[in-house]
Amino acid sequence: MRTGKFITIEGLDGAGKTTHMAYIENRIRDAGMPLVSTREPGGTELGERIRTMLLDRGDLSIGSRSELMLIFASRIQHIEQVVGPALDAGTWVLCDRFTDATYAYQGGGRAVPESRIRILEEWVQEGLQPDLTLLFDATLEFAAQRTRSRGTDRDHFERQGRDFKLAVRQQYLERADRFPGRIKVIDSNGSIKDARCQIDRALAGFDRSFAGM
């Protein structure tokens with residue numbers, strides 16, 4: 001029986017995930033919880049190779065179904081090698097993106113039918129779901145401004161057009177409406193301080209260990 005807690009962070013590129021990842025890590029550790037931080041795609045040697053292939057593909061052509069299968073190949077390795085063992089040991093896991101991202105990017109952005117994603121989700125995850133998901137939401141304009149301010153090369157998904165990103169955001173918000181007990185939306189259009197206040201409220205509502213911190 002898994003005794004650790006599984007928290008995931010989701011959102012468009014530029015919505016604030018990276019900005020707040022370290023803050024969330026510190027909050028969990030300050031509450032006295034052992035923690036493993038990881039990411040998808042990635043988290044294992046195989047996963048990181050798949051990540052490079054997907055994000056920095058250059059002239060390599062990858063169809064939407066192949067993209068989906070690669071993501072779940074990375075995910076099953078990640079669950080077997082990192083996420084599952086940590087949760088079984090009572091360790092909390094904080095993951096930058098998980099299956100909600102697949103529904104958003106491949107389902108919303110690529111228009112892969114949700115039924116196909118669900119089949120793979122059920123087979124690969126065998127019922128594993130995050131206990132809490134923090135969805136960082138920002139307008140496309142605000143997210144694009146943040147992405148540009150990084151001054152780094154954009155990856156394959158960051159280079160997609162407005163319609164793609166709009167569909168991704170919409171799918172994220174639809175999932176938040178569908179799973180309000182698990183997915184907590186963090187409005188990151190404002191200041192970092194405001195976003196962190198929202199994070200603190202979400203964590204306090206999730207586990208009493210965070211109350212009064």
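The values are calculated or read from the model by the stated rules, or taken from the named source; none is laboratory data. Keep in mind that what you see is a predicted model, and the values were worked out from it rather than measured. Using ideal geometry, Cβ is built from the backbone for each residue, glycine included, and neighbour counts are taken over all protein chains shown.
Here are the numbers for the structure shown:
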quantity: Residue identified as at pLDDT 95 or above, touching a Gly at 6+ places or on another chain (Cβ under 9 Å) and within 20 Å of Arg118 (Cβ to Cβ) among Ser74, Ser66; calculated: Ser74
quantity: The one condition in (1) closer than 17 Å to Asp13 by Cβ; (2) in a helix (DSSP H, G or I) that Glu158 fails to fulfil; calculated: (2)
quantity: Whichever residue in the range 102-133 is hydrophobic (A, V, I, L, M, F, W, C) and part of a loop (DSSP other than H, G, I, E, B) and, among such residues, is surrounded by the most Cβ atoms within 10 Å (Cβ to Cβ); calculated: Val112
quantity: Residue tally, condition closer than 20 Å to Ile71 by Cβ and in a strand (DSSP E or B), over the range 8-35; calculated: 4
quantity: Exclusive hit being over 30 Å from Ile192 (Cα atoms) and either surrounded by fewer than 17 Cβ atoms within 10 Å (Cβ to Cβ) or charged (D, E, K, R) (or both), set Glu40, Glu45, Glu25, Glu10; calculated: Glu45
quantity: Tally of residues being under 17 Å from Asn189 (Cβ atoms) and either of a type outside the set (Gly, Ala, Ser) or modelled with pLDDT of 95 or more (or both) across the range 12-23; calculated: 6
quantity: Answer residue from the range 177-205, given it is of a type in the set (A, V, I, L, M, F, W, C) and touching a Lys or Arg at 6+ places or on another chain (Cβ under 8 Å) and is farthest from Ala143 (Cα to Cα) among those; calculated: Leu203
quantity: Which numbered condition Gly43 fails, given (1) modelled with pLDDT under 95; (2) in a loop (DSSP other than H, G, I, E, B); (3) within 22 Å of Gln125 (Cβ to Cβ); (4) of a type outside the set (Lys, Arg); calculated: (1)
quantity: Residue match in the range 66-86 (condition: without any contact (Cβ under 8 Å) to a residue 24 or more places away in the chain and within 18 Å of Val168 (Cβ to Cβ)); calculated: no
quantity: Residue in the range 25-36 that is over 12 Å from the mean Cα position of the chain (by Cα) and within 19 Å of Tyr172 (Cα to Cα) present; calculated: no
quantity: Criterion (touching a residue at least 40 places away in the same chain (Cβ under 8 Å), surrounded by 15 or more Cβ atoms within 10 Å (Cβ to Cβ) and more than 17 Å from Ile24 (Cβ to Cβ)) met by exactly one of Phe206, Phe157, Phe210, Phe136; calculated: Phe157
quantity: Candidate set: the range 71-101, residues that are within 19 Å of Met33 (Cβ to Cβ), within 13 Å of the chain's Cα centre (by Cα) and among the aliphatic types (A, V, I, L, M); chosen: the one surrounded by the most Cβ atoms within 10 Å (Cβ to Cβ); calculated: Val93
quantity: Answer residue from the range 141-153, given it is surrounded by 15 or more Cβ atoms within 10 Å (Cβ to Cβ) and over 30 Å from Ala204 (Cβ atoms) and is modelled with the lowest pLDDT among those; calculated: Thr147
